[in-house]
Amino acid sequence: MNATFDFDICIVGAGVVGLAITQALAPHYRVLLIERHSRAGEETSSRNSEVIHAGIYYPHDSLKQRWCLRGKTLLYEFCQRYHTPFNKIGKLIVAQSEQLSQLQALHQHGQKAGVELYWLQAAELKQREPAVSAAAALYSPSTGIIDSHALLQQLEALAVNEGALVQYRSELMAAQAQDVGWQLTIATADGPFELNCHTLINSAGLGAQSVAQACSGNNQPRHIPPLYPCRGQYFRYHGRNPVQHLIYPIPDANLTGLGIHTTVDLAGQLKLGPDTHYQNQTDDYHVDEHARSQFAQAAQRYLPDLEEHRLQPDYSGIRPKLSGPSMPARDFFPWFSEFGSPNPFLHLFGIESPGLTASLAIAEAVTNWLQTGENHYLMP
Ligand SMILES: Cc1cc2nc3c(=O)[nH]c(=O)nc-3n(C[C@H](O)[C@H](O)[C@H](O)COP(=O)(O)OP(=O)(O)OC[C@H]3O[C@@H](n4cnc5c(N)ncnc54)[C@H](O)[C@@H]3O)c2cc1C
């Protein structure tokens with residue numbers, strides 16, 4: 001790219017997606033990553049279930065499905081290569097007798113996507129998980145858990161080692177399209193400063209719409225999809241973890257969330273969540289302790305001996321959804337400039353779950369797009 005620019009590429013947002021893209025591009029370009037907080041992953045990337053999803057649920061050929069399947073493979077390889085803590089613990093999706101047809105539909109859907117899945121009858125399920133009560137289950141051996149903080153640290157170390165500049169306490173305020181490239185105004189603790197870059201990549205998560213709105217010139221996205229922040233709360237279970245796998249119920253029909261499920265962290269601690277609360281704020285992370293009995297009842301449908309008094313409010317995360325309550329789920333939505341544009345940009349909207357799993361696949365697609373100019377890497 002042109003040496004008259006301060007940077008070839010500026011990436012906005014040091015969540016897992018911005019960091020994954022930065023470390024992928026750093027060997028090839030002069031890259032700046034800016035983040036408004038004082039460290040990486042302060043928002044959604046450190047407020048999730050830390051599950052490496054198998055890719056069972058998403059519509060066929062959607063970006064969520066494609067990037068989840070590819071991202072899962074890349075993430076397991078990454079963890080092995082860089083010793084990032086993970087555990088391919090496996091997951092059970094459990095169904096009561098009136099839900100068997102939904103479980104069958106999920107089985108077919110997942111198998112069509114190429115996900116390894118096994119049907120377990122009640123007796124087999126009892127053998128595997130004596131504490132779980134259900135009529136049948138789907139076993140997904142390729143689902144796992146990961147230490148998301150270790151992943152963020154490793155991605156940042158790789159990016160910096162390859163020469164990327166990662167700048168914290170730096171918030172993108174404006175991006176003005178120039179004859180070629182972009183002039184950026186960035187707010188810092190030392191006041192605003194300006195720099196220019198050739199290509200702008202917006203991986204600002206819950207801030208992606210605001211960043212897109214801050215872009216001026218003919219290249220502002222023609223359609224900025226509305227943001228519907230959706231908080232998901234977690235409760236921690238203080239007691240012996242009675243299960244070996246991640247246990248999920250049948251998801252709700254429009255996939256707002258995957259249902260209140262049990263996950264385990266790498267220390268073996270059980271937690272329940274997340275639920276779904278649409279809200280206007282993108283910074284309200286409160287956990288309502290009155291939700292305890294609702295969490296207990298949801299989990300007791302398949303874990304009858306779970307004791308409500310052992311549940312303690314833990315943390316919450318906010319999904320950057322592109323669909324509101326009762327609306328059909330929407331796919332990840334990359335909005336990017338046409339090949340040869342003098343002001344290349346990519347806005348990544350709606351990177352909700354499975355964005356953690358998909359992060360390395362998104363980085364791969366962005367690299368391919370930049371290097372070949374081919375759009376299909378970013379299209380469902
Ligand atoms: C409750 C919940 C559970 C989830 N569970 C899973 C799961 O188990 N598995 C999975 O695969 N995915 C899961 N996800 C999804 C996953 O966490 C996200 O898709 C992923 O973390 C998104 O990463 P990101 O980098 O796009 O966004 P973020 O982590 O939000 O990073 C964006 C960054 O941009 C910064 N920023 C915003 N605006 C500006 C600006 N103007 N200037 C500078 N910086 C800015 C923010 O400060 C932030 O750090 C879950 C999400 C939630 C909410």
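The values are calculated or read from the model by the stated rules, or taken from the named source; none is laboratory data. On a predicted model such as this, the values are computed, not experimentally measured, just so you know. Virtual Cβ from ideal backbone geometry, glycine too; neighbours counted across all protein chains shown. What goes into the accessible areas is simple: the full protein's heavy atoms, side chains included, and nothing from ligands, DNA or RNA. Shrake-Rupley method; radii C 1.70, N 1.55, O 1.52, S 1.80 Å.
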For the D288, T4 Cβ pair and Förster radius 56 Å, calculated FRET efficiency rounded to 0.05 is 0.60
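Quick check for me: using +1 on Lys/Arg Cβ and -1 on Asp/Glu Cβ, what's the dipole size of segment 1-131 about its Cα centre, in debye to the nearest 20? Mind dumping the intermediate values first?
Details: 14 positive and 12 negative charges, 38 e Å.
Value, rounded to 20: 180 debye.
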Taking square-rooted eigenvalues a ≥ b ≥ c of the alpha carbon gyration tensor, is segment 186-238 rounded, prolate or oblate, where a/c under 1.5 means rounded and, failing that, a/b exceeding b/c means prolate? oblate
Over 25 Å (Cα to Cα) among K64/K126; K88/K321; K64/K112; K64/K88 -> K64/K126; K88/K321
Sort 224-236, 8-20, 366-378 for me by packing, meaning the mean count of neighbouring Cβ atoms within 10 Å per residue, highest on top. 8-20, 224-236, 366-378
So if R0 is 25 Å, what FRET efficiency would A131 and N87 give, r being the distance between their Cβ atoms, rounded to the nearest 0.05? 0.85
At 0.36 nm per residue, and after removing the present C-alpha to C-alpha distance, how many nm does the segment from V180 to Q312 gain when stretched out fully? 42.2 nm
Can you show me the helix-derived [θ] at 222 nm for the chain, built from DSSP H runs with n ≥ 4 at -39,500 (n - 2.57) apiece and divided by the number of residues, rounded to the nearest 500. -8000 deg cm²/dmol
Report, largest value first, the span of the C-alpha coordinates of segment 30-116 along each principal axis, in whole Å. 52, 26, 23
Give the average over all directions of the projected area of the C-alpha convex hull of the chain, one decimal, in nm². 18.3 nm²
Percent relative contact order for the chain, counting Cα pairs under 8 Å at least six residues apart, stands at 24 percent
Consider all pairwise Cα distances in segment 285-337 and report the whole-number % of them above 14 Å. 68 percent
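Scaled to the compact-protein estimate 2.2 N^0.38 Å, what is the alpha-carbon radius of gyration of segment 239-380, rounded to two decimal places?
It is 1.33.
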Taking the dipole about the Cα centre of the chain, with the C-beta of Lys and Arg at +1 and of Asp and Glu at -1, give me whichever of P251, L348, A174 is farthest to the positive side. P251
Using the crude model of +1 on Lys and Arg Cβ and -1 on Asp and Glu Cβ, and no other charge, please compute the dipole size for segment 82-182 relative to its Cα centre, in debye to 20. 380 debye
Rolling a 1.4 Å sphere over the protein heavy atoms, what is the accessible area per residue of segment 232-297, to the nearest Å²? 43 Å²
Over segment 110-222, how many percent of alpha carbon pairs lie in each 10 Å bin up to the one with the longest distance? 11, 24, 21, 15, 16, 12, 2
Take the Cα pairs of segment 171-212, get the Kirkwood Rh, then feed it into Stokes-Einstein at 25 °C and 0.890 mPa s and tell me D in µm²/s. 226 µm²/s
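How high is the FRET efficiency between S97 and T372 when r is their beta carbon distance and R₀ equals 56 Å, given to the nearest 0.05?
0.65
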Cβ charges +1 (Lys, Arg) and -1 (Asp, Glu), total dipole of the chain, debye: 760 debye
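Quick one: with all protein chains in place, what share of the accessible area of the chain is carbon or sulfur, to the nearest percent (1.4 Å probe)?
Exposed carbon and sulfur together represent 47 percent of the surface.
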Along the positive direction of the dipole of the chain (beta-carbon charges: Lys, Arg +1; Asp, Glu -1; about the Cα centre), which of I34, Q294, H223 reaches farthest? Q294
If you take the charge dipole of the chain about its Cα centre, with +1 on Lys and Arg Cβ and -1 on Asp and Glu Cβ, which of A105, T22, V160 is farthest toward its positive end? A105
